Amino acid sequence: MIQLKHIVYGLLGVVLASACPRATAADSNPPIRALVVVGGHGFDTNQFYATLRGLPGVSVDIYEHPKAQAQWEAGQAGRYDVMVLYDFYQKIDEAAKANFVKWLKDGRGLVCTHHAMANYQAWPEYENIIGARYYLKKTLVNGVEKPLSTWKHDVMVPVKIADADHPVTRGLKDFEIHDETYGLYDVRPDNHWLLTTTEKTSHEKIGWTRSYEGARVVYLELGHDHLAYANEHYQKLLGQAIRWAAKK
């Protein structure tokens, strides 16, 4: 009886093994490791985190200021492929600046989203990194006074895909999204434009890529609250931006 039972179990194991799908090379690929930085600005926390964790092929670690900058240090940064900024923060010392730049020089990507455009107003290099500057106060730039940048909640924003062949926007067509708009900010002319809009309360350019010290950088103006997070086009943009910036 014992021998018969072993034979039956053995045959059952063969049947089950043959019924199970074999692992493929794609299944064995490790997920993209993303450091997500938040803090300094309220947002729909649970919904945003659920959106991030629902992105296919992406593993996220979320750190809030003031602890987030410690993750840029050499001993920690090696764990990640890409950083996603969804913060609104001004305090940054010289060591953190150096670690941020080294992150990029080492080839790790950066995805800057929504209000993170307004980070680090007293650090000019941040504008060079992300390709834009949002003004939190009137500012004199090369003898020209820049007014405060603007924002407006609850806007149906028409989004035009400026480059449908780019990996960040591939598979997307023009769409609308319920979101917050920003206006009167400056953008760098060497950005590569991905998204534009005709919405009058917004800057025309609302999404782009650029290179900084060999690193891939993406900025997306979209992403104010749960209504934006739930938009399938936003989810696709965010996931593809992370993948492209991470060189995956």
| request: Keeping to the range 56-75, report how many residues are hydrophobic (A, V, I, L, M, F, W, C) and either touching an Asp or Glu at 6+ places or on another chain (Cβ under 6 Å) or farther than 20 Å from ILE242 by Cβ (or both). | output: 2
| request: Scan the helices (runs of 4 or more DSSP H) fully inside the range 1-97 and keep the ones with 3 or more residues being over 20 Å from the mean Cα position of the chain (by Cα), modelled with pLDDT under 95 and exposed (fewer than 15 other Cβ atoms within 10 Å of the Cβ). | output: 2-19, 25-28
| message | Show the residue pairs meeting these rules: Cβ distance below 7 Å; 6+ apart or different chains; first residue within the range 55-67 and among the aromatic types (Phe, Trp, Tyr); second residue part of a strand (DSSP E or B). | response | TYR63/LEU35; TYR63/VAL37
| query | Taking the range 162-200 on its own, how many of its residues are buried (at least 16 other Cβ atoms within 10 Å of the Cβ) and over 25 Å from ILE129 (Cα atoms)? | reply | 5
| field | Subset of the range 138-161 (residues that are outside any strand (DSSP E or B) and either surrounded by 19 or more Cβ atoms within 10 Å (Cβ to Cβ) or polar (S, T, N, Q) (or both)) | value | ASN142, SER149
| task | Could you run through the range 201-248 and say how many residues are surrounded by fewer than 18 Cβ atoms within 10 Å (Cβ to Cβ), touching a strand residue (DSSP E or B) at 6+ places or on another chain (Cβ under 8 Å) and closer than 15 Å to LEU172 by Cβ? | result | 0
| remark: Within the range 77-115, residues in contact (Cβ under 8 Å) with a residue 60 or more places away in the chain and of a type in the set (A, V, I, L, M) come out as VAL82, VAL84, VAL101, LEU104, LEU110, VAL111
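The values are calculated or read from the model by the stated rules, or taken from the named source; none is laboratory data. It should be emphasised that the depicted structure is a prediction, and the values quoted were computed from it without experimental measurement. Every residue, glycine among them, receives a Cβ derived from its backbone with ideal geometry; neighbour counts consider all protein chains shown.
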